[in-house]
Every structure is written in structure tokens, then in C-alpha cells.
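Before any comments, here is the structure.
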Amino acid sequence: FMLHVPEAKLFSELCGSFTLLDELVGPYSIKDYQDGRYVRVTENMLPEADVAFLDEVLKCNDGTVLSLLKILNERKFQNQKIALHCVAAATNWPELRSRSEKVEALYDRFLLRLHVEPCRGSEHTSMLRAADGVKSFRPSVTLTLNEFRAAKRAIAEVEIDESTDSQITDTVTALAGRKVEISNR
């Protein structure tokens with residue numbers, strides 16, 4: 001997906017139980033700290049990204065999870081609006097379900113969710129053969145950041161009448177039948 005918005009600032013991180021917030025949003029500036037100010041260096045980090053991918057995000061520690069809740073829900077960091085348009089993630093969710101309600105809240109921030117079954121037998125071999133194609137993938141359809149922003153603005157102007165409401169219900173039901181979860185958000 002990140003390749004479909006070629007001019008976007010991208011951020012990607014593999015998360016784990018020891019992932020500190022600094023690894024996602026940037027460390028504090030030592031110079032500013034010495035001058036009595038708490039300023040983060042956010043260059044090339046999540047607050048400056050347009051599109052992000054967070055691998056194993058649900059394995060982050062509770063402090064990092066709590067900070068991500070605000071970033072993902074409000075698109076704000078340190079009470080400042082950030083450019084972040086889209087965040088995708090991957091995780092081994094079933095093993096984490098019982099970890100904490102904070103993790104469930106973070107999971108709920110991802111509006112579209114798809115469970116992917118493990119590959120078995122010949123599927124596994126086919127997947128390995130296809131991996132080389134992933135490295136060289138170049139999308140034939142791309143979006144500019146301006147098109148992405150315009151689409152986001154247009155969403156606020158959409159009015160949903162009763163027939164559209166019915167179509168949405170049918171679509172959500174069909175997706176549920178395919179084991180695609182959609183957040184109530």
C-alpha cells in the first residue's frame with residue numbers, strides 16, 4: 001500500500017514488548033533538554049509520516065500503546081496535528097487478546113481488519129515463489145498526496161441516505177462472511 005502513494009513520507013517499524021515511544025516518535029533532543037526544554041526530534045519518525053506500517057504493533061508495552069491511541073485516533077502528537085493519513089499494521093493477534101484492554105483499544109483503532117490463515121502445503125511453496133515479485137512490485141495505480149487529502153476532505157461531505165445505509169449494512173455483512181472485521185469506529 002505504501003508504494004501506491006509514491007510521494008508520501010513513509011515510516012515503518014517492527015515493534016515488540018521493549019519498543020520505546022522514542023523509537024516511534026523520536027527521542028528527546030539532548031541540546032534542548034540541557035536548555036530545560038523537552039523537545040522531541042521527530043524527523044523521519046511517525047509524527048512526520050504521511051503513511052506508516054507498524055509490524056507487531058500490539059506487542060508494544062502499555063505506555064507506548066497509550067501514546068499510539070491518541071496518535072491514531074486524533075492524528076495528534078503533543079497536542080499538534082500531524083500529517084499521518086493512513087496506518088497499516090500486522091500482528092499475531094490471538095496470542096495477545098488476553099494481554100490488556102489497552103491492546104484491545106489499540107486494535108479497535110484499525111478500522112479494517114483481515115485475519116490471514118497460515119499457508120500450508122503447496123500454498124506455502126507458492127507464497128515463497130511469489131516473494132521475489134514482492135521485492136520488485138511497482139503499482140500501476142498511484143495516488144498523489146493531494147488526491148489523498150482531497151479524498152479525506154470529501155469524506156466529511158458524504159451524506160448517507162436510507163438506501164446507502166442499507167448498502168453499507170449489506171457490505172459489512174458480506175465482509176464479515178469473508179472474515180474481514182470492521183471497527184465500530
Query - Amide H contacts under 5 Å for ASN61, placed H, 5+ residues apart - result: THR19
Query raised in the report: In debye to the nearest 20, how big a dipole does the stretch 58-185 give about its Cα centre with +1 on each Lys and Arg Cβ and -1 on each Asp and Glu Cβ?
Result: 720
Query raised in the report: What are the chymotrypsin sites (Phe, Trp or Tyr not before Pro) within the stretch 80-185 that DSSP puts in a loop, where the Cβ has at most 14 other Cβ atoms within 10 Å?
Result: PHE137
Report task. Take every DSSP beta bridge whose two residues both sit in the chain, then give the antiparallel share in percent to the nearest 5. Result -> 40
Query raised in the report: Residue-wise, which Karplus ³J(HN,Hα) couplings in Hz belong to the stretch 10-15, taking 6.51 cos²θ - 1.76 cosθ + 1.60, θ = phi - 60°, and x for glycine or proline?
Result: 9, 9, 9, 8, 8, 9
Query - Neighbour cut-off at most 12 other Cβ (10 Å), DSSP loop, GluC sites (Glu not before Pro), the stretch 1-88 - result: GLU7, GLU43
Report summary line: Spelling it out for PHE53: with amide H atoms placed in the peptide plane at 1.01 Å from N, the residues 5 or more places away or on another chain with amide H under 5 Å from its amide H are PHE11, SER12, GLU13, ALA88
Report summary line: Given the candidates LEU54, THR64, ALA90, the one whose Cα lies deepest towards the positive end of the charge dipole of the stretch 1-109, counting +1 at each Lys or Arg C-beta and -1 at each Asp or Glu C-beta, is THR64
Query raised in the report: For the Cα atoms of the chain, what angle does the longest principal axis make with the long axis of helix 122-135, in degrees from 0 to 90, nearest 10?
Result: 50
Query - Within the stretch 85-177, GluC sites (Glu not before Pro) in DSSP loop having at most 15 other beta-carbon neighbours inside 10 Å - result: GLU157, GLU159
Requested in this report: Please work out the C-alpha center-to-center distance from the stretch 1-58 to the stretch 126-185 and express it in whole Å.
Outcome: 25
Query raised in the report: Under a 1.4 Å probe, what is the accessible area of the chain per residue, stated in Å²?
Result: 69
Report task. Have a look at ALA88, ALA131, ALA174 and tell me which one the Gaussian network model of the chain (Cα, springs below 10 Å) gives the largest fluctuation. Result -> ALA131
Query raised in the report: Once the chain is represented by equal point scatterers at the alpha-carbon sites, with solvent omitted, what log10 I(q)/I(0) does the Debye formula produce at q = 0.12 Å⁻¹?
Result: -0.76
Requested in this report: In a Gaussian network model over the chain where Cα atoms closer than 10 Å are linked, find which of HIS85, HIS124, HIS115 has the largest mean-square fluctuation.
Outcome: HIS124
Query raised in the report: Which of VAL41, VAL87, VAL141 moves most in a GNM of the chain, Cα contacts under 10 Å?
Result: VAL141
Query - Residue-averaged [θ]222 nm for the chain, counting only DSSP H segments that reach four residues, each worth -39500 (n - 2.57) - result: -11500 deg cm²/dmol
**Report entry** Accessible area of the stretch 6-71 belonging to carbon and sulfur atoms, whole % at 1.4 Å probe
**Finding:** 56
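The values are calculated or read from the model by the stated rules, or taken from the named source; none is laboratory data. Nothing here was measured: the structure is a model prediction, and the numbers come from that model. Cβ coordinates were reconstructed from backbone atoms using ideal geometry, including for glycine residues, and neighbour counts include every protein chain displayed. Accessible surface is based on the protein model in full, side chains and every heavy atom, while ligands, DNA and RNA are left aside. Shrake-Rupley method; radii C 1.70, N 1.55, O 1.52, S 1.80 Å.
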